[in-house]
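What follows draws every value from the coordinates through simple rules; no lab data is involved. These figures come from a predicted structure and were not determined experimentally. When we count neighbours, we look across all protein chains shown, and the Cβ atoms used for this are built from the backbone with ideal geometry, even at glycine.
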Amino acid sequence: MAAERKGGFTRGKGFLEPYLARRRAAMANHLIPAELRVGRILDIGCGEYPYFLAHTAFKEKFAIDQLPSNAEEKEIHWHTMNLNMEPTLPFAEAFFNAVTMLAVAEHLDPTSLSRLLAEVHRTLKPGGSVIITTPAARADRLLRWMARLGLVSAEEIDEHTFAYTLPLLGWHFGRAGFAMERVRFGYFESGLNMWATAVR
């Protein structure tokens with residue numbers, strides 16, 4: 001595993017950001033079946049320092065973010081893209097075993113999220129999984145208050161464009177081509193954050 005980045009876990013400052021990054025990474029690692037780790041993973045919206053990818057085990061690791069990498073992770077294949085503007089993935093069909101979007105959906109408008117999930121479905125291998133974490137809609141006001149207090153990154157919270165619910169995430173999964181019987185949902189961090197997985 002890699003050493004922590006000195007500059008922080010996200011853009012901006014927030015006292016709780018290291019803790020929250022570790023919690024998201026732990027949840028994602030818990031949700032990824034062991035048999036998928038022999039293949040490729042893509043982390044979408046990983047931030048300039050890909051904390052989760054640096055703390056997960058996969059044969060090959062790929063990253064996408066709108067910012068260039070600020071990490072020294074040589075084994076991570078980096079792509080700099082703004083997927084809110086053009087949500088198209090530059091990968092072949094059935095390329096990945098797993099795709100993660102940790103604290104990303106809230107930065108995407110619903111149209112971009114639908115298009116991106118369709119691309120995720122296209123690039124996942126049959127049996128591959130997508131894992132999403134995002135704040136619960138009911139946490140939006142609390143997060144903005146916490147940003148004012150310096151507990152979470154104000155830069156990140158200011159870019160939240162939409163607050164999703166579990167049923168709405170399910171609707172987006174279905175629209176992207178995922179079968180609803182292969183979608184699972186839940187909450188963590190006292191119900192303030194949501195997780196969702198879908199298997200192609």
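Could you size up the charge dipole of the chain around its Cα centre, putting +1 on the beta carbon of Lys and Arg and -1 on that of Asp and Glu, and report it in debye to the nearest 20?
Working: 23 positive and 22 negative charges, 92 e Å.
Once rounded to the nearest 20, the dipole reads 440 debye.
Can you work out ³J(HN,Hα) from phi for every residue in the range 28-44, in order, using Karplus 6.51 cos²θ - 1.76 cosθ + 1.60 and θ = phi - 60°, giving whole Hz and x for Gly and Pro?
With coefficients 6.51, -1.76 and 1.60, one gets 4, 4, 5, 8, 8, x, 4, 5, 7, 6, 7, x, 9, 10, 10, 10, 8 Hz.
Can you list which of the trypsin sites (Lys or Arg not before Pro) found in the range 70-126 are DSSP loop residues with at most 16 other C-beta atoms within 10 Å?
74
Enumerate the amide H contacts of residue 76 below 5 Å, restricted to partners 5 or more residues apart or on another chain; note that Pro and chain-start residues carry no placed amide H.
none
Relative contact order for the range 17-103: what is it in percent, counting Cα pairs under 8 Å that are at least 6 residues apart? Intermediate results must be reported in sequence, preceding the final value.
Values: 129 pairs, mean separation 29.5, N = 87.
Reported as a whole number, the value is 34 percent.
Express as a percent, rounded to the nearest 5, the fraction of DSSP beta bridges in the chain (both residues included) that run antiparallel. The partial results should precede the final answer.
Details: 13 of 32 bridges.
Antiparallel: roughly 40 percent of the beta bridges in the chain.
Sum up the lysine pairs in the chain that clear both bars: alpha-carbon distance under 19 Å and a spacing of 8 or more or different chains.
Eligible lysine pairs with Cα atoms under 19 Å apart amount to 5.
How many angstrom lie between the Cα centre of the range 113-162 and the Cα centre of the range 39-95?
16 Å
For the range 14-23, what does the Karplus curve 6.51 cos²θ - 1.76 cosθ + 1.60, with θ = phi - 60°, yield as ³J(HN,Hα) per residue in whole Hz, taken in order and with x for Gly and Pro?
Calculated HN-Hα couplings, in order: x, 4, 8, 4, x, 4, 5, 4, 5, 5 Hz.
Mind listing the phi-derived Karplus ³J(HN,Hα) values for the range 148-161, rounded to whole Hz, using 6.51, -1.76 and 1.60 with θ = phi - 60°, and x for any glycine or proline?
Values per residue, Gly and Pro as x: 5, 8, x, 7, 10, 5, 5, 4, 5, 5, 4, 8, 5, 9 Hz.
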